[in-house]
Amino acid sequence: MSDVVKIEDLVVRFATDEGSVLAVDGVSLAVGEREVLAIVGESGSGKTVTARAILGLLPETATTRGAVVLRGRDSSDGVDVLSLSPGQLRQVRGRDAAMVFQEPSAVLNPVYPIWWQIAEGLRAHGRLSRADARARAVEMLELVGIPDPTHRIDHFPHEFSGGQKQRIVIAMALALNPGLIIADEPTTALDVTVQAEILDLLRRLRDDFGSAIVLITHNMGVVADLADRVAVMYQGRVVEQAPVRQLFAVPQDAYTQRLLAAVPRVGAGHSQRDTPEPATANVVEAKRLVIQYPARFGSGGFTAVRGVDFHIHAGEVLGLVGESGSGKTTIGRAIAGLTPVTGGSLDVLGFEMNGVRERRFRAVRGDIGFVFQDPGTSFNPLLTIAECVAEPLIVHGRARTARDARARVDELLDAVQLPTVYGERFPHELSGGQRQRVSFARALALSPSLVVLDEPTSALDVSVQARVLELFGELQRQFGFAALFISHDLAVVDQLATRIAVMRNGEIIETGPNSQVLGSPQHAYTRRLLASLPVPDPDAQAERRDALRALGD
Amino acid sequence: MTAVPAKPRGTWLAKVPVLRELRQSVGVQRFMLLVGVIITLVYILVALLAPVIAPYRFNQLQDASGTFPGSAAPSATHLWGTTIAGYDVLSRTLYASQTALMAIVAAVIISLIIGVLLGLFSGYFGGPLDRILVVVCDAIYAFPSLLLAIVISIMLSRGQSSLWSGIMAAALSISVVYVPQYFRVVRSEVVRIKAEAYVESAKVIGAGNGRVLFVHVLRNSVRTLPLIITLNAVDAFETLAGLGFLGLGIEPSSAAEWGYDLQKAVSDVTAGIWWTALFPGLAIVLLALGISLLGEGLNDLADPRLRRRSAEANEAALELEA
Amino acid sequence: MAEKTHAASGGLIRYLVVRFLLIFPTIFILVTLVFFLMRVTGDPITASQGGRLPPDELAQRIHTAGYDQPIIVQYAQYLGQLLRGDFGTTYSDHQPITTVLTTYGTATLELAVYALVVAFIVGIPLGMLAAFIRDRWGDAVLRVLAILFYATPIFFSGLLLKLVFSIWLHVLPVAGRASTTVELKMQELSNPTGIYFIDALRTGDPAALPDVLQHAILPAVTLGLLTAGIFLRLVRTNVIGTLNTGYIDAARSRGVGEYRLVTRHAFRPALIPIITVIGLQIAMLLGGAVLTETTFEWNGLGYQLNHYLQARDFVAVQGIVALLAVIVAVVNFIVDIIAALIDPRVRY
């Protein structure tokens, strides 16, 4: 049997402002029929570039060498994609291999109905009447599980949910029944419960249609769930290739071992033992807290938080978990005074936030630190790192200029394990993990008694995340501040928090110590959330999949 | 911990705005930007050196050898011919670059300062005043600028202009049209930046509005302005010319101005006299082209989507490796 | 499902109503601006007649016209007039401004339509072409062409075209909207529309329409190329921006060809911002019409405006400008509605 695609010694370079960059450095891979090959790696490892090279979808600034031999469903001998003319390449795309992208809302054309977009892929490979195209679109939507397809094909992308959009993208990839589907981080933009459904759908493609799949992902849980074989990429090279069980059981390469060790696991953190609630006073206390966003032109007000009660003790880390739109970020913003409280009571460090005046609250701000989700946008691009870290010191009168504050800034950079010379650099000259350390330094500048962290590691690679989380744990023990740790990732929360509150649709549905919430969840949603989270172990994951299916029925 | 080498900062040349972009650019984009820069520089030089370069004064009607002939075709004594009134076309065309430059500088300074400040405060603080300003600016933005210029020119000069009232009429009327443009662009940038994490983190720290506005928001919100400044500059001197063409411009004895000369050339054209129209007209077109190329070039480089990188560098690197 | 559709269409209707109501503050702002700019430095009678009339007669005329009242009172009276649809009367020849509009507006409308046709035919395909061959030399040529189109002042491009085609080559008429014989024939019609394209057909003279169209070519090209340059640049930038989006990449990954990506997949999403700007350009066309009509003696609103400017009749100038403000506000309203109807995210 021959391979569906065979990559031989692929080299890809990009021209950039800083000169030529080697993105893929001699990669050789092969995918057999009905096989799911996962390419795993962190950002910049070259996994996406490798996958896109299969369809010749590289930008003009790229130059390639090597061979990518793609075999069509019917032809027995393959063609080298890299040597095709643009016209021939167009023939191959969609027919022999098709792609599923990361961000479903970005890959659907907002101004055309769904059926038209599905039909475009078909029309590119042969004449087709309007009626046939529509019939085919209905068929495809039905296949990927969109209810009421005859009616829905006339809808526009914005009328579908995120998970449905990803199903539509998969339907488009399937339209010509290509032998190979390339899925580039297909579930990264989705909530964990939706992710489980999309992974099931991809599994069905292989089982029912015999498609081979190249799965690009950074998530080891997703790999364990779906892959047959795994290739681990690091700095443009494949460092290890192995069947999935073997890779997880006995990783050979040092990088693979580090990567697997860095993956946070539910049950590996504070949930291992019962941690009693500390007897200290509350730094934050919410009673029937309601937060409503004001009505805007053309839409009514939106209630993000609907009457929640919770508290954080001094020195305690509370984990706040929920999917997108659950209201968890809104609560964090309200504690920092970024979003006004509209009902109930929220007491922060002795200040009632309902109706608080910014002028009075400003003095308290020095006692609250905040770490934002995206380290890329949380620094003024025109200020140096030292100036950014010095800002709270200047604002609260501890220093007159950034130069005065330099001694303290160096101390802080040291505390977050960054060389002090980084103070002279600009934010864009640092990596994501380094910037998030600087975020910690800035948040801790005034030794606050409360820190709010809004998904501080969700934009980071696994190994970087592991180091940042570890650093946060150390800092918290050292300085003893209380923290609200907001995350969608139960495993991450288990590592740092001692108590967890689970949010859904603006309500806290369950709260308690880690061992209780993660060990014996009371609420059905918490159970589903836990079961949807793929674990980095193929056998355990297969069991969990069945358990999730049982939950659903 | 790995050692961190001192970062090379590059020479000061790399930091001069337009030069920096020229160094970054490649291929077609570099060529267009370069042409724009050269044309613009040539006009600035001509404006500064007009008294030295021009054979006669802009309002000179005779010299030692007698009164200039009217409507004379290009010749050795009058390289670009003379107008019906006997002015030397070459001299007036060269001198008019001074007038154009003054109109550009005045218009850009006035509209830039007012527009940016209004946009900054309005976008940052929001509220009813912001909403009113948005409606007012949208209304003015949608209105033909020449009509406003006519009205303002009537207000300022009641129809006849000296050098300064003519220039100020053009500058002010262009400002009335361009303040809304700067306002819209800066305001929308401010509204976007206001929600950026670095502004929110400054607020969380407790920074006051003044600090947030001037340290964090202002400098980050003016990055898209070069293109509008160049559009503003082109419209400034073309409006001056448009007013001149409608007879609302500067008297020929107080300054040279391309639009006025073109108005006088309308009847010449019907008589087949081409030189009085062609040269001032070409002067306008060339300056407009130069400034526009400069603006588009800077805009291309500021927008990563439009930016080009060389693919040749790539090929070379691959060859070296092999 | 039905309920959702209902609620969504309510969104569109609310948008239509709010956008419609916005016309009134827009007109109010422009009219107020023009009023105060015109009056802040003095009354229009002094401006036009000052120095030509003895002081006491001047004062008498100012008093009769009410220009000696406080400016706020005059402003209130002016607004009252406008509400009744009265834009004033010209000072020099005592024509109601609304009559000036109905008499000469059709000529400007006709010119604007011709110019738009030229702008669409030239600007949009060239813009798509430039986006298609972006960053090659052909694209650079098209971009320079666009700049030349929109940055060349109308009164110069008009003169140049006139010099070449009318004076040197003698293939097109120098000025006017029709030859005298055709003009006379059209005047004999019972209620002429004022739109020469239609009137020429109605004369039944086979030579009339070609004559009228010949006269229209140079003004239409002059004004049209200006707008075409702006369209070219706009279409190019927006299509290139759209070509960089994920959905173009996704369509490419399914084998859709580059030509179709530009003309179908990228063009329609790019069209929404383009239409809004096109609306603004139609307003700007009116400004350009003043210069075009003056250059080609095309007897429309712009030509009349220039005529009253030369006669120093600032009452007429103010009236015509205020009237154009109303037209601009209405045109922009219509264009915004079209843009909203094209965008499914607004339409639902």
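Output the residues belonging to the stretch A:5-45 that are outside any strand (DSSP E or B), out of contact with any His (no Cβ under 9 Å at 6 or more places or on another chain) and either over 22 Å from residue A:242 (Cα atoms) or open to solvent by less than 10 Å² (accessible area, probe 1.4 Å) (or both).
A:17, A:18, A:32
Residue-wise test of (1) touching a strand residue (DSSP E or B) at 6+ places or on another chain (Cβ under 8 Å); (2) closer than 20 Å to residue B:292 by Cβ.
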{"site": "B:89", "(1), (2)": "yes, no"}
{"site": "B:107", "(1), (2)": "no, yes"}
{"site": "B:110", "(1), (2)": "no, no"}
{"site": "B:122", "(1), (2)": "no, no"}
{"site": "B:135", "(1), (2)": "no, no"}
{"site": "B:143", "(1), (2)": "no, no"}
{"site": "B:146", "(1), (2)": "no, yes"}
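Determine whether residue C:108 is β-branched (Val, Ile, Thr), closer than 22 Å to residue C:225 by Cα, within 14 Å of chain B (Cβ to nearest Cβ) and over 17 Å from the mean Cα position of the chain (by Cα).
So residue C:108 does not fit the description; no.
Of all residues in the stretch C:91-105, count the ones that are in contact with a Pro (Cβ under 9 Å, 6 or more places away or on another chain) and surrounded by fewer than 21 Cβ atoms within 10 Å (Cβ to Cβ).
Keep residues of the stretch C:91-105 that are in contact with a Pro (Cβ under 9 Å, 6 or more places away or on another chain), which gives C:91.
Going one step further and asking which of them are surrounded by fewer than 21 Cβ atoms within 10 Å (Cβ to Cβ), we end up with none.
The number of residues fulfilling the criteria is 0.
Any idea which of C:179, C:190, C:166 is hydroxyl-bearing (Ser, Thr, Tyr), in contact with a helix residue (DSSP H, G or I) (Cβ under 6 Å, 6 or more places away or on another chain) and free of Cβ contacts under 8 Å to residues at least 60 places away in the same chain?
Testing whether each residue is hydroxyl-bearing (Ser, Thr, Tyr), in contact with a helix residue (DSSP H, G or I) (Cβ under 6 Å, 6 or more places away or on another chain) and free of Cβ contacts under 8 Å to residues at least 60 places away in the same chain leaves just C:179.
Looking only at the stretch C:66-75, which residues are under 16 Å from residue C:318 (Cα atoms) and open to solvent by 40 Å² or more (accessible area, probe 1.4 Å)?
C:67, C:71
Applying the selection to the stretch A:144-156, what residues are farther than 12 Å from residue A:115 by Cβ and open to solvent by less than 50 Å² (accessible area, probe 1.4 Å)? Before the answer, list the steps.
From the stretch A:144-156, those farther than 12 Å from residue A:115 by Cβ are A:144-145, A:147-148; that's our starting set.
Listed by number, the residues that qualify are A:144, A:145.
Within the stretch A:65-82, track down each residue that is of a type outside the set (A, V, I, L, M) and surrounded by 20 or more Cβ atoms within 10 Å (Cβ to Cβ). If you could, list the steps in order and put the result at the bottom.
Keep residues of the stretch A:65-82 that are of a type outside the set (A, V, I, L, M), which gives A:65-66, A:71-78, A:80.
Hit for the stretch A:65-82 is A:71, nothing else.
Mind listing just one residue for me: the one in the stretch A:98-114 that is open to solvent by 20 Å² or more (accessible area, probe 1.4 Å) and part of a helix (DSSP H, G or I) and, of those, nearest to residue C:244 (Cα to Cα)?
Pass one, the stretch A:98-114, residues open to solvent by 20 Å² or more (accessible area, probe 1.4 Å): A:102-103, A:105-106, A:110, A:113.
Applying the additional criterion that residues be part of a helix (DSSP H, G or I) yields A:105-106.
Details: A:105: 15, A:106: 11 Å.
Going through the qualifying residues, I end up with A:106.
Contact list please: Cβ distance under 9 Å, first residue in the stretch A:106-118 and at the interface with chain C (Cβ under 7 Å from one of its Cβ atoms), second residue polar (S, T, N, Q) and open to solvent by 20 Å² or more (accessible area, probe 1.4 Å), pairs at least six apart or on different chains.
Listed by first residue and then by second, the contacts come to A:106/C:245; A:107/C:245; A:109/C:245.
Kindly evaluate residue C:84 against the criterion of being within 14 Å of chain B (Cβ to nearest Cβ), farther than 24 Å from residue C:214 by Cα and not small (Gly, Ala, Ser).
Values: within 14 Å of chain B (Cβ to nearest Cβ): no; farther than 24 Å from residue C:214 by Cα: yes; not small (Gly, Ala, Ser): yes.
No; evaluated as a whole, the condition is false for this residue.
Filtering the stretch B:250-286 down to residues that are of a type in the set (A, V, I, L, M) and more than 9 Å from chain C (Cβ to nearest Cβ), which residue is most open to solvent (accessible area, probe 1.4 Å)? Explain how you work it out, then say what you get.
We begin by selecting, within the stretch B:250-286, every residue of a type in the set (A, V, I, L, M); these are B:250, B:255-256, B:262, B:265-266, B:269, B:271, B:273, B:277-278, B:282-286.
Checking the rest, the ones that are also more than 9 Å from chain C (Cβ to nearest Cβ) come to B:250, B:255-256, B:273, B:283, B:286.
Numbers: B:250: 2, B:255: 7, B:256: 2, B:273: 31, B:283: 11, B:286: 84 Å².
Checked the stretch B:250-286; the qualifying residue most open to solvent (accessible area, probe 1.4 Å) is B:286.
Given the conditions (1) more than 9 Å from chain C (Cβ to nearest Cβ); (2) without any contact (Cβ under 8 Å) to a residue 24 or more places away in the chain, report the number of the one that residue A:144 does not fulfil.
Only one criterion in (1) more than 9 Å from chain C (Cβ to nearest Cβ); (2) without any contact (Cβ under 8 Å) to a residue 24 or more places away in the chain is unmet by residue A:144, namely (2).
Can you name every residue in the stretch A:167-221 that is hydrophobic (A, V, I, L, M, F, W, C), open to solvent by 10 Å² or more (accessible area, probe 1.4 Å) and in a loop (DSSP other than H, G, I, E, B)?
Hits for the stretch A:167-221 are A:176, A:189, A:190.
Right, residue A:514: among the polar types (S, T, N, Q) and on the phi > 0 side of the Ramachandran plot or not?
Spelling it out, it is not the case that residue A:514 is among the polar types (S, T, N, Q) and on the phi > 0 side of the Ramachandran plot.
Can you report the number of residues in the stretch C:304-345 which are outside any helix (DSSP H, G or I) and open to solvent by less than 10 Å² (accessible area, probe 1.4 Å)?
Count: 1.
Tally up the residues in the stretch A:394-429 that are within 11 Å of chain B (Cβ to nearest Cβ), under 25 Å from residue A:473 (Cβ atoms) and either open to solvent by less than 10 Å² (accessible area, probe 1.4 Å) or in contact with a helix residue (DSSP H, G or I) (Cβ under 6 Å, 6 or more places away or on another chain) (or both), please.
5
How do the pairs read when you match residues in the stretch B:232-249 that are within 10 Å of chain C (Cβ to nearest Cβ) with residues anywhere that are assigned to a helix (DSSP H, G or I) and of a type in the set (Phe, Trp, Tyr), using Cβ under 6 Å and keeping only pairs 6 or more apart or on different chains?
B:241/B:258; B:244/B:260; B:245/C:155
Can you tell me which of (1) in a helix (DSSP H, G or I); (2) within 28 Å of residue A:56 (Cβ to Cβ) is the one residue C:255 doesn't meet?
(1) is the only condition that residue C:255 fails.
Could you tell me whether any residue of the stretch C:228-239 is within 14 Å of chain A (Cβ to nearest Cβ), open to solvent by less than 60 Å² (accessible area, probe 1.4 Å) and out of contact with any Pro (no Cβ under 8 Å at 6 or more places or on another chain)?
Within the stretch C:228-239, one or more residues are within 14 Å of chain A (Cβ to nearest Cβ), open to solvent by less than 60 Å² (accessible area, probe 1.4 Å) and out of contact with any Pro (no Cβ under 8 Å at 6 or more places or on another chain).
Only one of these is open to solvent by 50 Å² or more (accessible area, probe 1.4 Å) and at pLDDT below 90: C:120, C:132. Name it. Spell out how you get there, then give the answer.
On the way: C:120 fails: at pLDDT below 90.
The match here is C:132.
Is there a residue being in contact (Cβ under 8 Å) with a residue 60 or more places away in the chain, surrounded by fewer than 23 Cβ atoms within 10 Å (Cβ to Cβ) and aliphatic (A, V, I, L, M) anywhere in the stretch B:158-171?
Yes, the conditions are met somewhere in the stretch B:158-171.
Among A:284, A:308, which is the only one that is more than 27 Å from the chain's Cα centre (by Cα) and either outside any loop (DSSP other than H, G, I, E, B) or at pLDDT 85 or above (or both)?
Only one candidate qualifies: A:284.
Can you find, within the stretch A:147-166, the residue that is farthest from the other protein chains (Cβ to nearest Cβ) among those that are more than 23 Å from residue C:269 (Cβ to Cβ) and assigned to a loop (DSSP other than H, G, I, E, B)?
A:147
Restricting attention to the stretch A:438-469, which residues are within 15 Å of residue A:378 (Cα to Cα) and open to solvent by 30 Å² or more (accessible area, probe 1.4 Å)?
Answer for the stretch A:438-469, where residues must be within 15 Å of residue A:378 (Cα to Cα) and open to solvent by 30 Å² or more (accessible area, probe 1.4 Å): A:458, A:459.
Residue-wise test of (1) within 23 Å of the chain's Cα centre (by Cα); (2) within 22 Å of residue A:535 (Cβ to Cβ); (3) part of a helix (DSSP H, G or I).
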{"site": "A:484", "(1), (2), (3)": "yes, no, no"}
{"site": "A:491", "(1), (2), (3)": "yes, yes, yes"}
{"site": "A:494", "(1), (2), (3)": "yes, yes, yes"}
{"site": "A:500", "(1), (2), (3)": "yes, yes, no"}
{"site": "A:503", "(1), (2), (3)": "yes, no, no"}
{"site": "A:509", "(1), (2), (3)": "no, no, no"}
{"site": "A:518", "(1), (2), (3)": "yes, yes, yes"}
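On the given criteria, is residue C:176 surrounded by fewer than 19 Cβ atoms within 10 Å (Cβ to Cβ) and more than 17 Å from residue C:120 (Cα to Cα)? Give the derivation first.
Values: surrounded by fewer than 19 Cβ atoms within 10 Å (Cβ to Cβ): yes; more than 17 Å from residue C:120 (Cα to Cα): yes.
So residue C:176 passes the test.
The values are calculated or read from the model by the stated rules, or taken from the named source; none is laboratory data. Being a predicted model, the structure only gives us computed values, none of them experimental. For neighbour counting, all protein chains shown are included, and Cβ atoms are generated from backbone atoms with ideal geometry for every residue, glycine included. Just so you know, the surface numbers come from the protein's heavy atoms only, side chains and all, with ligands and any DNA or RNA stripped out. Shrake-Rupley method; radii C 1.70, N 1.55, O 1.52, S 1.80 Å.
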